[in-house]
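Have a look at the structure below before the remarks.
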Amino acid sequence: MSSYGGSSQSGGGSSSSSSSSSSSNGNDVMYDDAAFDLFAASVVTIVLVPLILRKLYVLIRGDTKETKLQKQRLASYCKCAACQHKKQRLETLSARERAKPTRIVNVVIVLLTAVLFWLGVRIYSAQQRDQEERFDPFEILGVSTSATPPEIKQAYRRKAIVYHPDKNPDDREGADRMFIKVAQAYKVLTDEVAMENYRKYGNPDGYRGTQYGIALPKLVRANSRLLLLLYLASIGVAFPAVVGMWWRSQKNKMASSVLAATYRMYIFTLARTCLVRNLVVAYTASFEFLNSFKHDHMPALLHVAQALKRADVFDIKKARYLFPSEDWMSQGLLVLQAYTNRVPDELPRELQPVLELLLEKVDLLGTAMIDSVAAVPRNDAAYKTYGASACGILSAFVNCAKLMQMLCQAVGEKDSPLLQVPHFGSSELKHCHARRNNVQSVYDLIEMESTARRSMLRALSAVQMMDVDAFCRKYPRAVVTLAEPYVDDENDRSVHAEDAASLDATLTIRRNWTSSTSSSSAAAASPSSSEEGDKALVLGSEGLAPCCWRLPLHKDEVWWLVLADEKRDVMIGVKRMMPADAEVEVDEDGGGRRDVFKSTFRFQAPEEGRYDLSVIAVCEAYVGCNVTEGVRMEVLPKVESAESVKYFDTEDESEEEEDDDDDDDEDASEDDVDEEEKEEEEEDERGGEENGNDTVGVNDGGGESESEGVRKVEVKRVNGKDGASRMSFLPKEEIYSSEDDEYDDE
């Protein structure tokens, strides 16, 4: 320690009253609390500032795109009482979900602000202590660095009188401490050696070595082994364990968050049967419902099984499983059968969570089951007709879509589509099927006059009739418009075998809220509600939410367009139409709304023949609104491809082709020469026999024939076998290659 007091460091080192040091290999290392507080405050600021800016941005921006979309969906809900109750429940859940992260962010901002304020107080206190304990003789005596010795002596006497303990009886300790500092400061300023050391090293005692500091608190030095153990445990054990658990939970899921085992089970089932009753079994056997069974559910399940058997709609003992069944599978099957058959009238309270779990996965698992249709193997000749364009079994797809419709509307496989209308039961169904009414579908109910419909459904109250009218306004009427199959070729758009054919399809979904679908009593009871419903129908640009009040979560009105060959039971193309993909059209006279979906199917044309294709429009949310439109495709014989022609030849390829042509011409000319020589020899022999072996005449004729033969060879070499020059684009001197010239020279 310096003989003059203070806690200063020499060699340019920093000083801190809240630091402690430890020796290691002769070097002093300081654990500086103040530096650690400053570092922690910097980290907290880096995290806190973006959170505050994000919070301000959210407040200024308002609702996000997802929130606006969700509000538009909720605004387009059906005006029936059940859908409005579901809407209120979803709005509450949505508000809670949006508020949950907001509350978390707010709590984090408050905590970080408090931590930052606490660190700021610590940093300020440390600086104040350092300021008090820092030994500066000029500051202590209150003189400038250029003060003369008399000025220093005068300042010392004045300070000594002020801080003398006898002059400060109330604070003798503080006065005594300051009096000692004043004496030390005067001694330093009057000692030339101490003054020189202070000016050069900042310490009256001179250079004291260098100290190294790290921004860690004293707690690290006091508990170094424990902290090291915790660090190794977090890096070597906790982090790998968390990553492993996450990977274990995700490795069994596909990209659509559906378990791979569920996909395999769907494919296994569809490969053996595609009946709806078996698909219901497969749906309830999805591995997402694995942990839903509880032994406390046994009495309620027994009650449901007995009610279904008494109603003669389902017997759990006759259920057919293609794989070993478990308790949770039987539980799901019983609950789902009770839901679709509406037996008993009210499901036991213990099984309500099970039903909600089954219905929450309708959109996810139903789409996964439809996707599994394409993976079902099939090798029959009818399926191979379309080759790589075949993408599944049509009957399997239709039944999978039928299952989704049943779950959305709580309707059995063979039940009337009228049961999906709100407040419809067996008595209302009986009135509709009466001979005088003859209402077999929802469209028949929509087309009825309001007075006739009100008379037929006189057992329903005015409020219930409002719900029926609201459902009729929401129920879609689909129309499919097809163009002729074509090939995208300007010269020939007709379809030939193995061509890449295309088919344009337009799906128009129309909804009507004219007077025929509005009850006069309902309109009189609540005109504002009707106007709001009409406005929602028009302005809901993101699509209309279907009347699926039985589903616990939101369900979009999704349509499927399928290009298929019904005779061969083959799907050629599948399109999934989301509400956001539609082009919304509204009649100027306010007569209704149309959602238009446009799509193009592309496939490989089959072999020559006539094919009756169909485009089927299937809705996931409603029963009884599927539409089928047929088109005949005439496939012409396959067009044989012409010989390949190279439009752009490189120089090397051109030279190779020229060499090949030259070789062919030389071979042809040699053959011609041999044939002419043979003919001349034969003529000479015949001439010799007739003229008495006149060798001179033979020799003269032979020389002329040879020269003429050579000239013919030259012509044929240039013109080729067909007499047309195949090298007319070359200069005349380049017809023969340089190799031929060298050969001639040799």
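The values are calculated or read from the model by the stated rules, or taken from the named source; none is laboratory data. Nothing here was measured: the structure is a model prediction, and the numbers come from that model. Backbone-built Cβ (ideal geometry, glycine too); neighbour counts: all protein chains shown. Calculation scope for accessible area: heavy atoms of the full protein, side chains included, ligands and nucleic acids excluded. Shrake-Rupley method; radii C 1.70, N 1.55, O 1.52, S 1.80 Å.
For the stretch 273-432, what is the accessible area per residue in Å² when the probe is 1.4 Å?
45
How compact and how long is the stretch 547-636, expressed as Rg and Dmax of its alpha-carbon atoms in Å?
For the stretch 547-636, the Cα radius of gyration and maximum Cα-Cα distance read 16.5, 52 Å.
Taking the Cα-to-Cβ direction at residue 176 and at residue 227 and moving 7 Å from each Cα, how far apart do the two end points lie in nm?
About 3.7 nm separates the two model spin labels.
What does the stretch 106-181 give for Rg and for Dmax, in Å, if only its C-alpha atoms count?
Using the Cα atoms of the stretch 106-181, the pair Rg, Dmax is 19.5, 63 Å.
May I ask you to order 191-201, 241-251, 484-494, 393-403 by the average number of other C-beta atoms within 10 Å around their residues, highest value first?
Result, highest mean first: 393-403, 191-201, 484-494, 241-251.
Leaving out ligands, DNA and RNA, and with a 1.4 Å probe, what % of the accessible surface on the stretch 284-427 is carbon or sulfur? Mind showing how you got there, number by number?
Values: 3430 of 6650 Å².
The value for the stretch 284-427 is 52 percent carbon and sulfur by accessible area.
Rank by packing, highest mean first: peptides 436-447, 332-343, 605-616, with packing defined as the count of other Cβ atoms within 10 Å averaged across residues.
The peptides rank, most packed first, as 332-343, 605-616, 436-447.
In square angstrom, what is the accessible area per residue of the stretch 99-174 with a 1.4 angstrom probe?
72
Taking Cα centroids, how far is the stretch 226-258 from the stretch 367-419 in Å?
Value for the Cα centre distance between the two parts: 40 Å.
What pairs from 87/402; 71/598; 309/361; 86/402; 55/575; 79/361 go past 32 Å between their alpha carbons? Working shown, then result.
Working: 87/402 26 Å; 71/598 26 Å; 309/361 27 Å; 86/402 24 Å; 55/575 41 Å; 79/361 25 Å.
Checking Cα-Cα distances, 55/575 exceed 32 Å.
Tell me, what is the per residue accessible area of the stretch 36-98 in Å², probe radius 1.4 Å?
65
Using a simple spin-label model with points 7 Å from Cα along the Cα→Cβ vector, what separation in nm is obtained for residue 429 and residue 607?
It works out to 4.7 nm between the two label points.
More than 18 angstrom separation, counting every C-alpha pair in the stretch 69-199; what % is that?
Tail of the P(r) past 18 Å holds 73 percent of the pairs.
Among 230-237, 320-327, 83-90, how do they line up by average Cβ neighbours within 10 Å per residue, starting with the highest?
Details: 230-237: 10.5, 320-327: 12.6, 83-90: 16.5.
My ranking of the peptides, most packed first, is 83-90, 320-327, 230-237.
Using 7 Å Cα-to-Cβ label points, what is the residue 243/residue 290 separation (nm, one decimal)?
So the two model labels end up 2.4 nm from each other.
With +1 on each Lys and Arg Cβ and -1 on each Asp and Glu Cβ, how big is the dipole of the stretch 294-373 about its Cα centre, in debye rounded to the nearest 20?
Using only the charged Cβ atoms, the result is roughly 340 debye.
What full-extension length gain, to one decimal in nm, is calculated for residue 102 and residue 57 as 0.36 nm per residue of separation minus the Cα-Cα distance?
Result for the pair: 14.9 nm of gain on full extension.
Three principal axis extents, largest first, for the C-alpha atoms of the stretch 271-349, in Å?
35, 28, 18
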